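S.K.: Structure incoming, see below.
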Amino acid sequence: MLRLALFLLFLFLAPVAANAASCTFSVTNVNFGNVDVLAGSPVDTTATLNINCTSVVSGFVRVCPNLNAGSEGATAGIRHMRFAGTALFYNLYQNAARSIPWGSAENSSLGSPPTFDFTTSVGGSVSATRTIYARVLGNQPSVGAGLYTSQFSGSQTRIIYGEVATFNCATSAGGSFRRATFSVQANVAANCSVTAQNINFGSHGVLDAAADATGGIAVSCTPGTAYNVGLNNGLSGTSPTARRMTLGGQAVTYGLYKDAARSEPWGGTIGTDTAAGVGAGATQDLPVYGRVPAQSTPPPGTYTDTVVVTVTY
């Protein structure tokens, strides 16, 4: 008897899985260093995303690095660092011009994540870096001194990757993912800026009566910063009430004061005759009251002096 056995052979070719690649990621910390919030200008820095992938099947890897708000949250797409409950606004970007936010498919208000595509041989590896551009926004004078931080860990980072070109970073569906941990920090140092207005006593024929004039000093200090404003005695004065405007070998004596009654001389000794204050982030205007007392009248001419304003904080 002849027996026949039939074997049916099947070969099933499955589609390549989007998550067949093996990848690891790390991100360097974002450190803005010292930030002067009184300057009004943005402060920029960068961090680095390190990418290491082994493409198991296709030789192609797409990486979608989703960066969420960070531990201190965000408002209207702007991320926060915080110190003692106060927020310092910053953001992360995809480009050097800081015009394309680096966001997340999980939080559309932050913007979209970038798409990074890499090719390699089957079973080969990819090692690459990408720059994260960061900026502390300008015009934040109400932010006080302190070390401001935000942490990216756990759900704050979700770096998704897959091995097919149809893998969509905007939705980040269907891929594998890894986490990366990094921190963001900026040190807002106590700082002050100062400007001064000239004082002009005008024209006088004889100095047989007191001549008064007023100027001003504008001080801006970071909120909560204690400061003292001192005035030196000018180029040749001997005390706050015996400063000297000169012309050649001649002089006109005058004084500078903190009050309109001209009873509180303004000098440079802290705790004695300086003007004290506490910064509020906004400009604080301090009037300077000048007086030329009655005295012998020197020869005609324009008499001048230079007084240095010093802010100690």
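The values are calculated or read from the model by the stated rules, or taken from the named source; none is laboratory data. Values in this document were obtained by computation on a predicted structure and should not be read as measured data. Cβ sites come from the backbone with ideal geometry, for glycine too, and all protein chains shown count toward neighbours.
S.K.: Please go through the range 161-196 and give me each residue that is small (G, A, S), out of contact with any Asp or Glu (no Cβ under 8 Å at 6 or more places or on another chain) and buried (at least 16 other Cβ atoms within 10 Å of the Cβ), ordered by number.
M.R.: G162, G175, S176, A180, S183, A186, A190, A196
S.K.: Then there's this: Can you name the residue in the range 200-232 that is surrounded by fewer than 15 Cβ atoms within 10 Å (Cβ to Cβ) and β-branched (V, I, T) and, of all such residues, is nearest to L256 (Cα to Cα)?
M.R.: Once the filter is applied, the top-ranked residue is T214.
S.K.: So which residues in the range 189-217 are hydroxyl-bearing (S, T, Y) and free of Cβ contacts under 8 Å to residues at least 12 places away in the same chain, if there are any at all?
M.R.: The one that is hydroxyl-bearing (S, T, Y) and free of Cβ contacts under 8 Å to residues at least 12 places away in the same chain: S203.
S.K.: Give me the pairs: first residue in the range 56-79 and assigned to a strand (DSSP E or B), second residue among the acidic types (D, E), beta-carbon distance under 7 Å, and six or more apart or on different chains, which are they?
M.R.: Taking only residues 6 or more apart or on different chains, the pairs are F60/E163; V61/E163; R62/D117; N66/E106.
S.K.: Another question about this same structure. Among (1) in a strand (DSSP E or B); (2) among the β-branched types (V, I, T); (3) surrounded by 20 or more Cβ atoms within 10 Å (Cβ to Cβ), there is one condition V143 misses while meeting the rest; what is its number?
M.R.: (1) is the only condition that V143 fails.
S.K.: Do we find that R62 is more than 17 Å from the chain's Cα centre (by Cα) and basic (K, R) in this structure?
M.R.: In short, yes.
S.K.: Let me ask you something else. Pairs please, first residue from the range 124-141 and on the phi > 0 side of the Ramachandran plot, second anywhere and among the hydroxyl-bearing types (S, T, Y) and in a loop (DSSP other than H, G, I, E, B), Cβ atoms under 9 Å, 6+ apart in sequence or on different chains.
M.R.: N139/S41
S.K.: Among the numbered criteria (1) surrounded by fewer than 19 Cβ atoms within 10 Å (Cβ to Cβ); (2) under 22 Å from F25 (Cα atoms); (3) in contact (Cβ under 8 Å) with a residue 40 or more places away in the chain, which single criterion is violated by P114?
M.R.: Condition not satisfied by P114: (1).
S.K.: Could you figure out which of (1) under 30 Å from A74 (Cα atoms); (2) in contact (Cβ under 8 Å) with a residue 24 or more places away in the chain; (3) part of a loop (DSSP other than H, G, I, E, B); (4) of a type outside the set (S, T, Y) isn't true of G234?
M.R.: (1)
S.K.: Let me ask something else. Could you count how many residues in the range 270-290 are at pLDDT 95 or above and surrounded by fewer than 16 Cβ atoms within 10 Å (Cβ to Cβ)?
M.R.: 8
S.K.: All but one of (1) touching a residue at least 60 places away in the same chain (Cβ under 8 Å); (2) not in a loop (DSSP other than H, G, I, E, B) hold for G277, so report the exception by its number.
M.R.: Against the list (1) touching a residue at least 60 places away in the same chain (Cβ under 8 Å); (2) not in a loop (DSSP other than H, G, I, E, B), G277 comes up short only on (1).
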